[in-house]
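Report on the following structure.
The values are calculated or read from the model by the stated rules, or taken from the named source; none is laboratory data. Only a predicted model underlies this, so the values are computations on that prediction, with no experimental measurement involved. FYI the Cβ positions are ideal-geometry reconstructions off the backbone, even for glycines, and counts take in every protein chain you see. Just so you know, the surface numbers come from the protein's heavy atoms only, side chains and all, with ligands and any DNA or RNA stripped out. Shrake-Rupley method; radii C 1.70, N 1.55, O 1.52, S 1.80 Å.
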Amino acid sequence: MVDEFLQLVGDGDEYGAVELITELHDSGVPAERLMIDVIGGAQTRVGELWAANEWSVAREHAATAISERALAALALRTNVKPTRGRVTIACVDGEWHALPTRMLAEMLRLDGWRVDFLGANVPGPHLISHLHQTGPDVVALSCMIATRLPRAHAAITACRTAGIPVIAGGRGFGPGGRYAQHLGADAWAAGAEEAVRRLAHNWPPHNQDPQLSAFLGDEEYTYVVRHRPELINTAMRQLTEAYPAMREYSQRQLDSTAEDMAHIVDFLAAALYVSETAIFTDFVAWTNEVLQARGVPAVALRVGLETVQAQLRDYPTAAAMLTAGMRLLNQ
Ligand code: B12
């Protein structure tokens, strides 16, 4: 089923993809399975194909748009009367992965929740005023990219200060959701099915001892965030000197290199904020794979890390994280 759906979304066949999902639903496959296994499973493959440079960004975008459409078609056929509480679902500020939360929204609706779905990129203050207007029982907060963790922390703190418990989710919270608790979330779930179970039983959790703080960043985090443009621009300049192949780069290649440098700085900042070197080293390992699939040698990334590190000599934790990243590339 997944392969067939993947083929259709990859071919940009919107009608075919919607038809496949509705036919499977008619033939008795539960909506939950279609959402999680077929649409979700295909999206995971889309990510792998993009990372391996087998699919272009445009093809990924088109496929995701069709998956959204198929999910909406399925949602139209499943009208469940709310019997549980009210949940607000939002992606944190700067987080654009709305589809996983859309899946979560539909799964919770199927389980009888009244859902307010706010979608991608919800700035903290807007989320809080929405909570004051609607008074939900729980906020489900998504963070798929670790760079958004400082914003996730601010949002979690604000929700809990408003007296509303938070369930967190998305791969940005780290393996097993290990950063979610550190940032004050009441609970974490790996996926929509686990979230449905978690919210149906023993909710809200009572054994919480919230250590709420609106800010975890130290002097090093603050320096990196405040000097972000300078760190990136200087690194780009030094990179051209240290990695001569860059002089032949087209504008498009230069733009994606600048984007990669921005990611280096942003993941470093997130790692500093949460005090977790793994956030940075996981990012380096992932970027290395993505760049190698595009024919960029590991040395280019290593030089990129060196140029950032050269500017952070007085910041020992940041420098050590960069060294850990470089060590990984030397293996
Ligand atoms: C589509 C997509 C996009 C689209 C999203 C559009 C949309 N409308 O959603 C766009 C183009 C915007 C995008 C952008 C980027 N993306 Co993207 N994206 C994807 C992709 C291919 C699919 C996402 C998806 O729908 N997954 C399907 C669902 C089923 O995934 P899932 O994680 O299993 O979902 C479950 C859980 O996460 C959980 N969950 C999620 N949120 C919550 C919240 C709560 C409360 C709970 C309880 C549970 C929960 O429940 C979900 C349902 O079971 C993924 C690949 C992947 N494996 O997910 C990459 C992926 C997530 N993206 C990635 C990256 C790097 C990016 C960019 C940085 C790319 C770039 N260079 O610009 C940007 C970042 C944008 C941003 N700031 O948010 C990487 C992240 C890698 C990493 N190091 O963390 C991935 C993994 C791709 C890859 N293979 O490398 N992306």
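Computed values, structure above
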{"read-out": "Answer residue from the stretch 316-331, given it is open to solvent by 40 Å² or more (accessible area, probe 1.4 Å) and at pLDDT 90 or above and is nearest to GLN238 (Cα to Cα) among those", "value": "THR323"}
{"read-out": "Filter result for HIS227 (surrounded by fewer than 20 Cβ atoms within 10 Å (Cβ to Cβ), closer than 23 Å to PRO123 by Cα and assigned by TED's automatic domain parsing to the domain that holds PHE280)", "value": "yes"}
{"read-out": "Considering residues of the stretch 259-284 that are open to solvent by 40 Å² or more (accessible area, probe 1.4 Å) and closer than 19 Å to PRO175 by Cβ only, the residue nearest to the ligand (Cβ to nearest atom)", "value": "ASP282"}
{"read-out": "Test: residue in the stretch 7-22 that is outside the structural domain of LEU291 (by TED's automatic domain parsing), within 26 Å of the chain's Cα centre (by Cα) and among the charged types (D, E, K, R)", "value": "yes"}
{"read-out": "Filter result for the condition that a residue is on the phi > 0 side of the Ramachandran plot, outside any helix (DSSP H, G or I) and out of contact with any helix residue (DSSP H, G or I) (no Cβ under 9 Å at 6 or more places or on another chain), over GLY28, GLY94", "value": "GLY28"}
{"read-out": "Any pair with Cβ under 8 angstrom, 6 or more apart, that starts in the stretch 312-325 at a residue that is free of Cβ contacts under 8 Å to residues at least 24 places away in the same chain and ends at one that is in a loop (DSSP other than H, G, I, E, B)", "value": "ALA319/LEU312; ALA319/ARG313"}
{"read-out": "Among the candidates ALA185, ALA154, ALA195, residue that is more than 30 Å from MET261 (Cβ to Cβ) and either open to solvent by 40 Å² or more (accessible area, probe 1.4 Å) or in a helix (DSSP H, G or I) (or both)", "value": "ALA195"}
{"read-out": "Residue check for ARG69: open to solvent by 30 Å² or more (accessible area, probe 1.4 Å), assigned to a helix (DSSP H, G or I) and more than 10 Å from the ligand (Cβ to nearest atom)", "value": "yes"}
{"read-out": "Test result for LEU104, more than 12 Å from the ligand (Cβ to nearest atom), under 29 Å from GLN7 (Cβ atoms), open to solvent by less than 50 Å² (accessible area, probe 1.4 Å) and not in a strand (DSSP E or B)", "value": "no"}
{"read-out": "Any chance ASP255 is open to solvent by 70 Å² or more (accessible area, probe 1.4 Å) and within 22 Å of THR147 (Cα to Cα)", "value": "yes"}
{"read-out": "Close pairs from the stretch 287-298: first over 17 Å from MET246 (Cβ atoms) and not assigned by TED's automatic domain parsing to the domain that holds ALA262, partner more than 10 Å from the ligand (Cβ to nearest atom) and in a helix (DSSP H, G or I), Cβ under 8 Å, at least 6 apart", "value": "none"}
